Structures are given as structure tokens and as C-alpha cells.
1. Name the pairs: first residue in the range 123-149 and under 16 Å from residue 235 (Cβ atoms), second residue outside any loop (DSSP other than H, G, I, E, B) and of a type in the set (A, V, I, L, M, F, W, C), Cβ to Cβ under 8 Å, at least 6 apart or on different chains?
2. Within the range 114-127, restricting attention to residues that are in contact with a helix residue (DSSP H, G or I) (Cβ under 9 Å, 6 or more places away or on another chain) and not small (Gly, Ala, Ser), which residue is surrounded by the most Cβ atoms within 10 Å (Cβ to Cβ)?
3. Quick check: anything in the range 200-218 within 30 Å of residue 84 (Cα to Cα), surrounded by 14 or more Cβ atoms within 10 Å (Cβ to Cβ) and modelled with pLDDT of 90 or more?
4. How many residues, within the range 239-252, are touching a Leu at 6+ places or on another chain (Cβ under 8 Å) and closer than 16 Å to residue 89 by Cα?
5. Considering only the range 211-228, I want to know if a residue exists there that is in a loop (DSSP other than H, G, I, E, B) and acidic (Asp, Glu).
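The values are calculated or read from the model by the stated rules, or taken from the named source; none is laboratory data. Please read these numbers as outputs of a predicted model, since none were measured by experiment. As a convention, Cβ positions derive from the backbone with ideal geometry for all residues, glycine included, and neighbour counts pool all protein chains shown.
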Amino acid sequence: MATQPIETLEAGTWRRERTAGGARHRRVLAQLPTYLILLLLSLLFLFPWLFMFASSLKPSGRVLADVGSALAFWPTPFRPENYQDVFARVPLERYLLNSFFVTTATLVCGVFVNSLAAYAFAIMRFRGSDILFALFVSLLIVPFEAIFLPLFLTVNALGWLNSYQALIVPFVANVLYIFLFRQFFLGLPRDLVESARIDGASYFRIYRTIVMPLSVPIVSTVAILEFLARWNDFFWPLITITDDDKYTAQLGLAFLFGGERTQWGIVMAGTVVISLPLLVVFLLFQRFFVQSVATTGMKN
């Protein structure tokens, strides 16, 4: 008689485990099409990288010849000397240092300036702030091609042509980044700011000790976007820089083109070298980037 309750309990436990296992199995099967689609999309986005990397390790004559076949994604015959040839043909290390300097300076100054502007719109409320912010946001519809000539004339009038200032200062303030910072700041607990004000903290101290330490996700997002934009910029350095010592990596890559025959293996090797910093930055900050996308605009 004493074994009956134990057997009944074991049978009930077995049925519950079986039911839970079946539910998990059905849930996995239901999500399988989604995983397959995401896998296909990932492969689709990886194909250009795979082609670029494989082409950088093969002779130039095989790059275009292998297009259209599976050999386009396989480095055969293997020729790693392409990477040595890149640095032998152009001073790419100098151009990379220039790009790092310009990108880092613009990024640091941009985060400070744009976050301060957004802080004024989100925390330091003042009369007409919403109207002024709407005017700022309306500038997003103006393409760069519509303002580059007045911007070029302004830089020329200031005597900044062929200087690092021309590559940094015009891109410090950015309406998109002000918008992103403001939306994130609006989601921060208002009680923290009010408590700090009651304790006598200034607005700048609140910005420095409360708001910015809580804004790591949006700072990382802006850092990624700004790094991508400045690192990949080609047109503006092309029209403002004439000194080889100040060329950015994108301008240096252009030197690999030209002549009667483009050495595509060397070009692809240079492209891989220039693309690696972008990949490293995104991998380092992607966790904060996803967190920012998920939380921007949420209250408290």
C-alpha cells in the first residue's frame, strides 16, 4: 500500500516531463523557419566579405576569372604576398594613422557636443525647445550633396583647406546624433535629475556624473555610426586634401586603381586591411548597440 503513492507520483512526474519536452520540441519546430531565414540572410551578408578575403589571397588574374564559380570564395592558387605588395605600393600605414586620428577626434568631439545639445533639449527644458528641436530634426532631409559646396567655401574662407581641421570640424555636430541622444535621455529616470538638483548639483555636474554614465548604450551606438561614417568618407577628403601626408585610408586605396591593368588581388588585400578596424569596432560595441536599439525612447 505504501508504494502506490510513490508510483503515482513518479508517473505524474514522467507525464509532466514528457509534456514539457513535447512543448519545447514543438516550439523549436515552430521557430525553425525563422532560424533558417536568419541563417540565409547571414550568409548573404557574409558573401562579399568571403569574396573579398579569398580574392586578397590569390593572384590578380584569378580574381575576375573565378567570378561566377565556387572558386571565387576559395583562395587558389594561394598568394599572401598581396598584403606585402599593398604596403610596398602606397604608404598605407600612414594613411591608416591619418584615418584613425581624424575618426577618433571627430568621434570624441562629436559625442561631447551632440550629447550636450541633446541634454539641453531633454533635461534643461526651456521655452520653445520643442520648436527648435523640430527645426533641427527637419535638417535631416537635407542631403550632404546640397550643402557640400557652401561648406567647402566656408572651409576655404577659414584657410582650413589641406588641413585636419577641414576633416574634423564640419562633422562634429550632427542632427541625427542629437536626436538619438535626446530620445535616450528622455527615457532616463527624471527623479535622479530632480534629486540632484535639490542637493545643489549644477546641470553640468548632473550631465557628467549621472546622465552620461547611464548612457553607455547610446554613446556606443553613436560611436559606431560616427566611426563608420568618418572612416568610410571618401568624397570630402578628396576635395579638401591635396597633401599626400594627410591622405586618409580611403584616398590611399584609390591609388591602387589606375593604369592599364588593375591588380585586383592587391586591391582586395588593401580593402581587407582598411575594413578590419570597422569589423573590430562593431564587434566590440555590438552588445551596447543592440541594447540601445531596444531601450531608446522607453520611459524609465
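1. Note: pairs meeting the criteria are 148/235; 148/236; 148/239.
2. Step by step, filter the range 114-127, then rank; the result is 114.
3. No: zero hits.
4. 4
5. no
One line per residue, one yes/no per condition, for (1) over 30 Å from residue 173 (Cβ atoms); (2) part of a loop (DSSP other than H, G, I, E, B); (3) aliphatic (A, V, I, L, M):
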{"site": "53", "(1), (2), (3)": "yes, no, no"}
{"site": "64", "(1), (2), (3)": "yes, no, yes"}
{"site": "78", "(1), (2), (3)": "yes, yes, no"}
{"site": "83", "(1), (2), (3)": "yes, no, no"}
{"site": "107", "(1), (2), (3)": "no, no, yes"}
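Every residue, every condition in (1) modelled with pLDDT under 90; (2) acidic (Asp, Glu); (3) in the same structural domain as residue 240 (by TED's automatic domain parsing), yes or no:
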residue	(1), (2), (3)
33	yes, no, no
88	no, no, yes
98	no, no, yes
107	no, no, yes
125	yes, no, yes
141	no, no, yes
148	no, no, yes
